1. Just for segment 89-100: of the residues that are assigned to a loop (DSSP other than H, G, I, E, B) and of a type outside the set (D, E), which one is nearest to R72 (Cα to Cα)?
2. Does A159 meet the test of being surrounded by fewer than 16 Cβ atoms within 10 Å (Cβ to Cβ) and either among the aliphatic types (A, V, I, L, M) or under 20 Å from the mean Cα position of the chain (by Cα) (or both)?
3. Across segment 40-75, which residue is nearest to the chain's Cα centre (by Cα) among those that are under 22 Å from T129 (Cβ atoms) and not aliphatic (A, V, I, L, M)?
4. So, in segment 56-88, exactly how many residues are within 25 Å of P146 (Cβ to Cβ) and assigned to a helix (DSSP H, G or I)?
5. Is one or more of the residues making up segment 19-33 closer than 29 Å to A118 by Cβ, surrounded by 15 or more Cβ atoms within 10 Å (Cβ to Cβ) and at pLDDT 95 or above?
6. If you scan segment 133-156, which residues turn out to be among the aliphatic types (A, V, I, L, M) and either surrounded by fewer than 20 Cβ atoms within 10 Å (Cβ to Cβ) or within 18 Å of I97 (Cβ to Cβ) (or both)?
7. When segment 110-132 is examined, which residues are found to be over 16 Å from the mean Cα position of the chain (by Cα) and either part of a loop (DSSP other than H, G, I, E, B) or surrounded by fewer than 22 Cβ atoms within 10 Å (Cβ to Cβ) (or both)?
Amino acid sequence: MKPVAIIQARMGSTRLPGKVMKKLIDKPVLHHVVDRLKTCKQIDSILVATTLKKEDAEILDLCEKIRIPCFRGRENDVLDRYYQAARSVKATTIIRITSDCPLLDPILVDNMVEMFMAEQNSLDYLSNTLERTFPRGLDTEIFSMPALAKAWSHASSAAEREHVTPYIYRHPEMFRLRNHKNSIDLSSYRWTLDTPEDWRFIKEVYSRLYDSDKIFMTDEIINFLRENPEITAINAYVAQKETGI
């Protein structure tokens, strides 16, 4: 069985409420995330993990419309929500994606999945965020179901339950970790969606590069931004706020 991509999604956001359902050109942000993941060749299936809150029924409605499975679980215990979502589809290898990354790179995801699967007997967790060299917004984490189960069983602090993977990467004595490093350091770029400034930035990128028949990739975004540095400046100063999505 190929890996399952599980997308965390909820309407709640302190800095940009409802961000994952904002209409970006022709469809909600979450729909764009799903469409980009659908082009991955190394993924078996896609699942959205949202909460039981009434407002997140809008996410469920979208999933039903685009025929993507949706699991609903606890809002604040994101680790439990994620673990139960993975169990519901009998996942063995999981790709963690967040719904606020409409510029995610399918090629990067495929490359990392291939790397993980080739070394799965000696690897529990692969990430491109342990040492950042990719733009924020291309975050990809891949881990085994046993690793997720161990984190779910052992994590006890609020910080460990409000997020999915901290217990894993903060315990290298328990888990076999590896970082995927880019050949060029692009970590200064901010491509995630968390603030009104991020929204302005992403809308600018999509307005110039989006084609409904073709997924635009990282190299196209980089070339566009190098030619238009004022676009990068829109959200360059925004400080990242860690959330449980």
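1. V89
2. The answer is yes for A159.
3. Only one residue fits best here, namely C40.
4. 11
5. yes
6. Result: L138, I142, M145, A147, L148, A149, A151.
7. Scanning segment 110-132 gives E114, M115, M117, A118, E119, Q120, N121, S122, L123, D124, E131.
Every residue, every condition in (1) touching a Leu at 6+ places or on another chain (Cβ under 8 Å); (2) touching a residue at least 24 places away in the same chain (Cβ under 8 Å); (3) not charged (D, E, K, R), yes or no:
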position: T92; (1), (2), (3): no, yes, yes
position: R96; (1), (2), (3): no, yes, no
position: P102; (1), (2), (3): yes, yes, yes
position: P106; (1), (2), (3): yes, yes, yes
position: Q120; (1), (2), (3): no, yes, yes
position: E131; (1), (2), (3): no, yes, no
position: F143; (1), (2), (3): yes, yes, yes
position: A159; (1), (2), (3): no, no, yes
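The values are calculated or read from the model by the stated rules, or taken from the named source; none is laboratory data. Quantities reported herein were computed from a predicted structural model and do not represent experimental measurements. Using ideal geometry, Cβ is built from the backbone for each residue, glycine included, and neighbour counts are taken over all protein chains shown.
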